[in-house]
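As structure tokens, the structure follows; a few thoughts come after it.
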Amino acid sequence: MYIPDYDKALYFTLWGQWDDLLVLMVRTNDDILSKKIESFLHAFHYRATEQEVMNSHEQLLHYIDHAMGHTPSVTMMEV
């Protein structure tokens, strides 16, 4: 089963699976997604203010939502 990177990123972000999100950041072919994940994880671990964490989290979710709207949906076919 193929699960697009955006679905994975959304799942890992919503459930707080930062290690998996880090692995996805390294493996994805989407450079913008990788940078958004990097920005969020950096703000989360080395935050100066809570507002920075919230901003980077919102930017990541906004980009995932935008990218999912422009990605063709995958249909499951029975074999």
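The values are calculated or read from the model by the stated rules, or taken from the named source; none is laboratory data. These numbers were taken from a predicted model, which means no experiment stands behind them. All Cβ positions, glycine included, derive from the backbone under ideal geometry; neighbour counts span all protein chains shown.
Filter region 13-33 down to the residues that are of a type in the set (V, I, T) and in a helix (DSSP H, G or I) and list them by number.
T13, V23, V26, I32
Does region 23-40 contain at least one residue that is touching a Ser or Thr at 6+ places or on another chain (Cβ under 7 Å) and over 21 Å from H70 (Cβ atoms)?
Checking region 23-40: not a single residue is touching a Ser or Thr at 6+ places or on another chain (Cβ under 7 Å) and over 21 Å from H70 (Cβ atoms).
Pull out all pairs, ordered by first then second residue, where Cβ-Cβ is under 6 Å, the residues are six or more apart or on different chains, the first lies in region 50-67 and is over 11 Å from S39 (Cβ atoms), and the second is crowded, with 16+ Cβ neighbours inside 10 Å.
Matching pairs, first to second residue: I64/Y6; I64/A9; I64/L10; A67/Y6.
Table: residues versus (1) at pLDDT below 95; (2) surrounded by fewer than 14 Cβ atoms within 10 Å (Cβ to Cβ); (3) of a type outside the set (D, E); (4) in contact with a strand residue (DSSP E or B) (Cβ under 7 Å, 6 or more places away or on another chain).
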{"residue": "Y2", "(1), (2), (3), (4)": "yes, yes, yes, no"}
{"residue": "Y6", "(1), (2), (3), (4)": "yes, no, yes, no"}
{"residue": "L14", "(1), (2), (3), (4)": "yes, yes, yes, no"}
{"residue": "L21", "(1), (2), (3), (4)": "no, no, yes, no"}
{"residue": "L24", "(1), (2), (3), (4)": "no, no, yes, no"}
{"residue": "T28", "(1), (2), (3), (4)": "yes, no, yes, no"}
{"residue": "A43", "(1), (2), (3), (4)": "yes, no, yes, no"}
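Determine which single condition K36 fails, assuming it passes every other condition in (1) at pLDDT below 95; (2) outside any loop (DSSP other than H, G, I, E, B).
Failed condition: (1).
Given the condition modelled with pLDDT under 95 and either charged (D, E, K, R) or touching a Cys at 6+ places or on another chain (Cβ under 8 Å) (or both), answer yes or no: does some residue in region 52-66 qualify?
yes
What's the number of the condition A48 fails, among (1) under 10 Å from the mean Cα position of the chain (by Cα); (2) part of a loop (DSSP other than H, G, I, E, B)?
(1)
What tally of residues in region 3-45 results from selecting those that are more than 9 Å from the chain's Cα centre (by Cα) and either on the phi > 0 side of the Ramachandran plot or acidic (D, E) (or both)?
Selection size over region 3-45: 6.
Six or more apart or on different chains, Cβ under 9 Å: which pairs go from a residue in region 27-48 that's free of Cβ contacts under 8 Å to residues at least 24 places away in the same chain to one that's among the acidic types (D, E)? Could you list them?
The qualifying pairs are R27/D5; T28/D5; A43/E52.
M77 - would you say it is at pLDDT below 95 and of a type outside the set (D, E)?
It is true that M77 is at pLDDT below 95 and of a type outside the set (D, E).
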